[in-house]
Structure formats: structure tokens, C-alpha cells
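Structure first, commentary second.
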Amino acid sequence: MRVAVVGGGMAGLAAAHELAAGGAAVVLLEGSDRVGGKLRLGEVGGITLDLGAESVLARRPEGLDLIHEVGLDDRVVHPETITASIWTHGALRSMPPTVMGVPADADALAASGIALMPEPRILPVPDEDVSVADFVTARLGRDVLDRLVEPLLGGVYAGHTDQLSLRATTPQIAALGEDLVSAAAEHRAASDSTGPVFAGLVGGVGQLPAAVVAAHDVEVRLSSTVRSITRAGDGWRLSVGPTTDVETLDVDAVVVATPAPAAARLLAEEAPDAAFALAAIDYASMAIITFVFDDAVVPDGSGFLVPPVDRTFIKAATVSSNKWGWVGGTGRTVIRTSVGRAGETTLLQHDDGELGRRALVDLREALGTLPDPADQVVQRWGGGLPQYDVGHLDRVETVERSVEGVRGLEVCGAAYRGVGIPAVIASGRAAARRLLDAGMIES
Ligand SMILES: Cc1cc2nc3c(=O)[nH]c(=O)nc-3n(C[C@H](O)[C@H](O)[C@H](O)COP(=O)(O)OP(=O)(O)OC[C@H]3O[C@@H](n4cnc5c(N)ncnc54)[C@H](O)[C@@H]3O)c2cc1C
């Protein structure tokens, strides 16, 4: 039995990993010239660094499990510091304890000078989906939303809280219940003792894709954009490659692991309801600008986030050389900044030099004097992150119902139930498992 996995990001790779381990013959079709999707290594100032995703949530097992299964255990590390700041009201201010921006200590929030919080209102959690902004503002006021929740969510989704779904993006806030601040305090007290929150790999998490490929006998075809997927007898026929030279590939089953716009096109014929729902998912584009400095002096801590209301160019900066021991060990200062939120398309129209120049102006204002960088690299991520807007989980259920009715077809990836690396790995493996469990694959 032969299975095609369309898309070689972490979701597709995890699906291929599970399928190959389950005895399937797998062909992985990747449109670009490399596997990994939003995981990518690149060289800045002679140091190989992550230019896309750079850390894995350690409080979910799926990321670390896969790292273990492909033999990268000995490279797992945890951040040296997770002390982050908010750059607002003209200064870097230590982030008080929060649960996804919901303050867990009103006194610490007041002392931080970040936001003013009125007496929290105790209100029931609505049954229907609402925006994060509506939920938080009604209970904790606009300032907490703007200066704490918004920058934290901006970091994960690059979106806007007045559109993002509470249930899809911040179920942990909804789970706090009626009395947000008290519940956040309890939640923090309980989770402070449960080990590191994040993990990385010495040499970058961008090593994971190649390690997954190397662990199995998977046929990887690069520069192989899949154009269409249609039924052919009991199986599937894929059209692959440039429009001028399309090849067909016949397989028994297909896992579509692409972002939503490509998945919508590929499913239009065989799962039109799914295609329609997928076409409604927007994406935010962004760029990561990484600087390497010699002889720079920077404050301690992992970096800072910026509330959009402060109207800076960058939305966040990570001092990678403080955060990761292996980066700091190079003796140089490495700072990665990110720019671009959903809808901010004009900002990314600047050329690389201008993006770097503007990011550096912000960095100098936030961190103090910095020398000219020894090197800088701009990595653009067009369509980088799906936007889980209000009603997202209903759209996902529509996709799942529609695809469930089609034998030998599965979908997975960041468009559905979580954008983080562990979540997309989980979705890829679950898609593969469904095929294996349905007896699609003879082992
Ligand atoms: C800048 C940035 C930083 C991030 N940082 C983190 C982080 O630190 N930690 C974390 O957990 N998450 C992070 N994320 C999120 C996470 O990396 C992604 O959500 C996740 O890697 C997406 O995996 P995926 O496989 O679903 O999709 P993708 O990585 O987008 O992979 C999809 C693949 O499908 C291919 N493709 C598309 N269409 C076709 C087609 N028609 N035929 C064949 N191939 C096709 C694409 O070329 C791509 O390789 C970050 C995301 C971005 C953009």
C-alpha cells in the first residue's frame, strides 16, 4: 500500500513518520526545495541558527517524543532564562506572572507599570465562541487586553485579539472560569513546579525535519507541488509538478498536510464542504530579522514583546544568546526580531535592507546603545500563521466531517487545532493513525 503525504512541514513529516513506522510505503511530496516548512536553519554571521520556529513547548509530550524517536535526545536543551519584558510606556518592564496575559497577581501588575487593571468583573464564561478581546475587556478592562494579552497572542498567532477566537486560541483563559485573576493565581502556583515550559535543540530545532526523514525509508520528492487530487478507482490520482510538465502519481491514500489555501484547492473536487471552510481561514505574514553583534552589551532576560498600541516597527525581540546556552556560547550577541501581524501587508513591502534598518532603530531604543551588526538576515514568512478567528472550531469541525466521509483521505497541519510544533505533530500522527486503523495500509 502506498500513501502520498502532500506537504513536508512538521505535520506532513510527522504523518510520514507514523505511516512508515506502521508499515506503509510513503511518498512525501513537497512543493519547495526543502523539507521543514516553518522550521528552517540558516547562517547569520557564521552561526547556524533557526530562522523560523525556534522552540518547542515541553509541557505537551508530542514534540519531545518525536525528537526522542528520531535520535536527537542528546541535543535537547531548555532556555537559560524565560524572564521576558514588555516594552511599553517608554521602558522595558518585567512581565508580571500571567496565564496567557491574564494577570495572576494584581500587585505585581501594578508594580510593573505595564497596564492599569480595574477591579476584575466576575462574569460567566459564555457558551458561544467570542473574541479574546470581548472576553478579556469585559472582565479586566482594555489596558490589560492591549498591553498584556495582545502582545502575548501576537507572539503566537501574529493576529488581533478582536478577531481571534477565545476557544481556539486561548482555551486556557476560558478554562479559568468566572474569576479570572484568582484562577490565574491558582493555575500559576500549580504549574510553577512542573518543570521547564520550553525546549530547544543545540544547533536549532530546524534540525528536526532532516532527522525525521533520515529515520525512515520515506521517498521524499522536493520541488513537487501537488496540483490536484482526484479519485481513481479505489485509490487516488495526484497531479504533481510544474504546470508545463505535470506528472501523475497513483496511490492508495493521501494525507494533505499543506496550509489551508493549498488544502482548499486540493480538496475542492472530492471534499467541497471542507474546501469551502478551509478557504475562509486567513493567514498572517511576517518576517524574522536576525542580528549578530560583536561586543554588544544587552540586558539580561529572554527578550521583550511590544503591545501594538505602542506602534513600534518590531512586535517582539528574542535575545537568543541569553535564551539558549549554545547560542550564547559563541561569545556573540544574537537578537532575533519579528515584524508583521495579520493585515499589515504594506509593512512587509519594504526591502530587506529597510526592514533591518527599522528593526535596528527599535532595538537601539529599547535596549540602549548597540554597535552596528556584524551580520543580519531577513527571513520572510508569507502566509506564516493561520488566523483562528471567532468560529474557527466550527470551521474545523466542518472540514473534519467532510473529510471523514471520504475513504483514504486525511488532512493535518497548523490550520486546524493548534499552530505550535507539538500540536501539528499530533495532528500529523493522528491523521496517519486513522489511515492505519482503518486498515488502509497492510503492514
Ligand atoms: C516565524 C514563525 C515562528 C514560529 N515559531 C514557533 C516556535 O518557536 N515554536 C512553535 O511551536 N511553533 C512556532 N511557529 C509555528 C509552527 O512552526 C508552524 O505552525 C508549524 O511548523 C506548521 O507546520 P505545518 O506542517 O502545519 O505547515 P508548514 O510548515 O507550513 O508546512 C507545509 C508545507 O507544505 C508545502 N506545500 C504547500 N502547498 C503544497 C502543495 N500544493 N504541494 C506540495 N507541498 C505543498 C509547503 O511548501 C510547506 O513546506 C512559528 C511559525 C512561524 C511562521
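Values computed for the structure shown
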item: Single match in VAL256, VAL251 (criterion: more than 10 Å from the ligand (Cβ to nearest atom) and either touching a His at 6+ places or on another chain (Cβ under 6 Å) or under 22 Å from ALA430 (Cβ atoms) (or both)); result: VAL251
item: Residue match in the range 1-23 (condition: basic (Lys, Arg), in contact with a strand residue (DSSP E or B) (Cβ under 6 Å, 6 or more places away or on another chain) and in a helix (DSSP H, G or I)); result: no
item: Selection from the range 329-355 of residues that are away from the ligand (no atom under 16 Å from the Cβ) and either in the same structural domain as VAL419 (by TED's automatic domain parsing) or not in a loop (DSSP other than H, G, I, E, B) (or both); result: THR333, THR346, GLN349, GLY353, GLU354
item: Of all residues making up the range 105-133, the number that are assigned to a helix (DSSP H, G or I), in contact with a helix residue (DSSP H, G or I) (Cβ under 8 Å, 6 or more places away or on another chain) and open to solvent by 30 Å² or more (accessible area, probe 1.4 Å); result: 1
item: GLY413 being over 18 Å from GLY356 (Cβ atoms), surrounded by fewer than 23 Cβ atoms within 10 Å (Cβ to Cβ) and within 16 Å of the ligand (Cβ to nearest atom); result: no
item: Selected residue (criterion: most open to solvent (accessible area, probe 1.4 Å)) from residues of the range 27-45 that are β-branched (Val, Ile, Thr) and within 14 Å of the ligand (Cβ to nearest atom); result: VAL35
item: Pick from the range 268-287, criterion within 16 Å of VAL411 (Cβ to Cβ) and in contact with a Phe, Trp or Tyr (Cβ under 9 Å, 6 or more places away or on another chain), ranking: surrounded by the most Cβ atoms within 10 Å (Cβ to Cβ); result: ILE281
item: All strands (runs of 3 or more DSSP E) inside the range 220-261 with 3 or more residues being open to solvent by less than 70 Å² (accessible area, probe 1.4 Å); result: 226-232, 235-240, 253-256
item: Residue within the range 381-388 that is in a loop (DSSP other than H, G, I, E, B) and open to solvent by less than 30 Å² (accessible area, probe 1.4 Å) present; result: yes
item: Some residue of the range 6-13 being under 20 Å from LEU436 (Cα atoms) and surrounded by fewer than 20 Cβ atoms within 10 Å (Cβ to Cβ); result: no
item: Residue match in the range 201-217 (condition: farther than 19 Å from GLY63 by Cα, surrounded by fewer than 17 Cβ atoms within 10 Å (Cβ to Cβ) and away from the ligand (no atom under 13 Å from the Cβ)); result: yes
item: Hey, VAL403 within 13 Å of ILE281 (Cβ to Cβ), within 16 Å of the ligand (Cβ to nearest atom) and outside any strand (DSSP E or B) or not; result: no
item: Set VAL205, VAL256: member being farther than 30 Å from ALA104 by Cβ and either at pLDDT 95 or above or among the hydroxyl-bearing types (Ser, Thr, Tyr) (or both); result: VAL256
item: Residue, nearest to GLU30 (Cα to Cα), within the range 214-247, restricted to residues that are without any contact (Cβ under 8 Å) to a residue 40 or more places away in the chain and small (Gly, Ala, Ser); result: GLY241
item: Output for the range 49-89, where each listed residue is within 24 Å of ASP362 (Cα to Cα), more than 12 Å from the ligand (Cβ to nearest atom) and open to solvent by less than 60 Å² (accessible area, probe 1.4 Å); result: LEU49, THR81, ALA84, SER85, ILE86, TRP87, THR88
item: Which listed residue, of ALA359, ALA423, ALA432, is in contact (Cβ under 8 Å) with a residue 40 or more places away in the chain, among the aliphatic types (A, V, I, L, M), out of contact with any Phe, Trp or Tyr (no Cβ under 8 Å at 6 or more places or on another chain) and surrounded by 22 or more Cβ atoms within 10 Å (Cβ to Cβ); result: ALA432
item: Scan of the range 366-388 for residues that are under 23 Å from ASP162 (Cβ atoms) and more than 10 Å from the ligand (Cβ to nearest atom), ordered by number; result: GLN387, TYR388
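The values are calculated or read from the model by the stated rules, or taken from the named source; none is laboratory data. The structure presented is a predicted model; accordingly, all values stated were derived computationally and were not measured. Don't worry about glycine lacking a Cβ; one is built from the backbone with ideal geometry, like all the others, and counts go over all protein chains shown. Areas reflect the complete protein model, heavy atoms only, side chains present, ligands, DNA and RNA absent. Shrake-Rupley method; radii C 1.70, N 1.55, O 1.52, S 1.80 Å.
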